[in-house]
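Notes to accompany the following structure.
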Amino acid sequence: MTARESRGPIVGLAANLILLTALAATTGISVAGALAGTAYAVVLAVALGTGLRRTGMRALGPANAVTLARATLVGGVVALVVTSFQTPVPLSVLVPLIGVALALDGVDGQVARRTNSTSRLGARFDMEVDAFLILVLSVFVAGPFGWWTIAIGAFRYVFVAASWALPWMNAALPPKFSRKVVAAVQGVVLVVATASLLPDAVSFAAVAGALASLIWSFGRDVLWLWDTEQRRRFAEVRAGVVARRAVARPRTAPAPAGA
């Protein structure tokens, strides 16, 4: 896992394919599920390889290796969720895959800090794996609760798409502990709903509450970004007015010598 840049993504691809083969032999994933899992594995390998080249990293590193292991489990989740569109899948396999993937979310950060191997690539890799897992889970629970649940997983991608059209949304947000809590709640609630641990009515309310908390969190961030942009524009306009007044102000002629 900590081999050269060119080997890390290949190892991940191989691990994904091995997991898919094991799932096909034990749970009987559908052809569509196998294709979806394979497509995910290929995209993951290409994206990770591109990220390594762009950042100039020659090795994957221990923390990114943990994230890659987590991403591999997500590939299995993808295959099972797509299979569930055609036939029921064993929750005894799906839920542990999700649980381990979420548990490892707290491991890669600790490994990065203890080994002094934190990096922008690692942070982005970790975030993308989290976001995609939440999207896949929101699709799975749409079966019993309705397609509105997909909004939980789609929020982050809609935010990114909006930032392409509205550059002011790319500004750095201040760190908020509540944002981390809301993100953690999404994963916990979706896992509980996936495992059917609670009555349907309770799970429905929990998922709806998770979506409401997400709307609040994203709404607050968007409002903060909009307010910051308005302040920036006002400051620019004010600076421009001051500059124009300075240019237009007539200069006082110097007094004659000896006056």
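All of the numbers you see were taken from the coordinates with simple rules; none came from a lab. Values in this document were obtained by computation on a predicted structure and should not be read as measured data. In this analysis, Cβ positions are derived from the backbone assuming ideal geometry, glycine residues included, and neighbour counts consider all displayed protein chains.
Have a look at VAL191, TRP216, GLN230 and report the one farthest towards the positive end of the charge dipole of region 144-248, computed about the Cα centre with Cβ charges (Lys/Arg +1, Asp/Glu -1).
GLN230
How large is the charge dipole for the chain, taken about the Cα centre, if only the Cβ atoms of Lys, Arg (+1) and Asp, Glu (-1) carry charge, to the nearest 20 debye? All intermediate terms of the calculation are to be shown ahead of the outcome.
On the way: 23 positive and 11 negative charges, 315 e Å.
With only Lys, Arg, Asp and Glu charged at Cβ, the dipole is about 1520 debye.
Using a 10 Å cut-off on Cβ atoms, rank the peptides 56-63, 176-183 from the highest mean neighbour count down. Write down the numbers at each step before the final one.
Numbers: 56-63: 18.1, 176-183: 13.0.
Packing order, densest peptide first, comes out as 56-63, 176-183.
Is the shape of region 138-210 best called rounded, prolate or oblate, per the rule: a/c under 1.5 gives rounded, else a/b larger than b/c gives prolate, else oblate, with a ≥ b ≥ c the square roots of the Cα gyration tensor eigenvalues?
On the way: a/c = 3.66, a/b = 1.85, b/c = 1.99.
Taking the square roots of the gyration eigenvalues as a ≥ b ≥ c, region 138-210 is oblate.
Averaging sequence separations of C-alpha pairs under 8 Å and six or more residues apart, then dividing by the length of region 144-248, give the relative contact order as a whole percent. Walk me through the numbers before you get to the answer.
Values: 42 pairs, mean separation 35.3, N = 105.
Relative contact order comes out at 34 percent.
Angle check, please: helix 105-114 long axis (alpha carbons) against the longest principal axis of the chain (alpha carbons), in degrees 0 to 90, nearest 10.
Between helix and principal axis, roughly 60 degrees.
Whose amide H sits under 5 Å from the amide H of ILE29, counting only residues 5 or more places off or on another chain, with H placed in the peptide plane?
ALA24
Rounded to whole Hz and in sequence order, give me ³J(HN,Hα) for region 165-178 from the Karplus expression 6.51 cos²θ - 1.76 cosθ + 1.60, θ = phi - 60°, writing x for Gly and Pro.
Per-residue couplings from phi come out as 7, 10, x, 5, 7, 8, 4, 5, 8, x, x, 9, 5, 4 Hz.
In degrees from 0 to 90, rounded to the nearest 10, what is the angle of the helix 31-55 Cα long axis to the longest principal axis of the chain?
40
Farthest toward the dipole's positive end in region 144-248, which of TRP164, ALA239, PRO175, given Cβ charges of +1 (Lys, Arg) and -1 (Asp, Glu) about the Cα centre?
Farthest towards the positive end: ALA239.
Could you work out the relative contact order of region 1-140, using alpha carbon pairs under 8 angstrom and six or more residues apart, expressed as a whole percent? Let's see the in-between values first.
On the way: 166 pairs, mean separation 42.1, N = 140.
Relative contact order comes out at 30 percent.
As a test of the formula, what do you get for the chain when each DSSP H run with n ≥ 4 contributes -39,500 (n - 2.57) and the sum is divided by the residue count, at 222 nm and rounded to the nearest 500 deg cm²/dmol? All intermediate terms of the calculation are to be shown ahead of the outcome.
Values: 10 runs with 198 residues, N = 259.
Per the formula, -26500 deg cm²/dmol.
Along region 61-67, what does the Karplus equation 6.51 cos²θ - 1.76 cosθ + 1.60 (θ = phi - 60°) give for ³J(HN,Hα), rounded to whole Hz, x for Gly and Pro?
x, x, 5, 5, 5, 5, 4
Counting other C-beta atoms within 10 Å, and keeping those with at most 15, which DSSP coil trypsin sites (Lys or Arg not before Pro) do you find in region 4-53? Don't jump to the answer; show the numbers that get you there.
Values: sites: ARG4, ARG7, ARG53; in loops: ARG7.
Loop-located and lightly packed - ARG7.
Can you give the FRET efficiency for VAL46 and LEU166, using 1/(1 + (r/R0)^6), R0 = 30 Å, r = Cβ-Cβ distance, to the nearest 0.05? Please report the intermediate quantities before stating the final value.
Details: r = 28 Å, r/R0 = 0.94.
For R0 = 30 Å, the calculated efficiency reads 0.60.
Could you tell me the relative contact order of the chain? Use alpha-carbon pairs under 8 Å, at least six residues apart, and round to a whole percent. It would help to have the intermediate numbers written out before the result.
Details: 251 pairs, mean separation 40.5, N = 259.
Result for the chain is 16 percent.
How tilted is helix 120-140 with respect to the longest principal axis of the chain? Cα atoms for both, answer in degrees (0 to 90, nearest 10).
Around 50 degrees separate the two axes.
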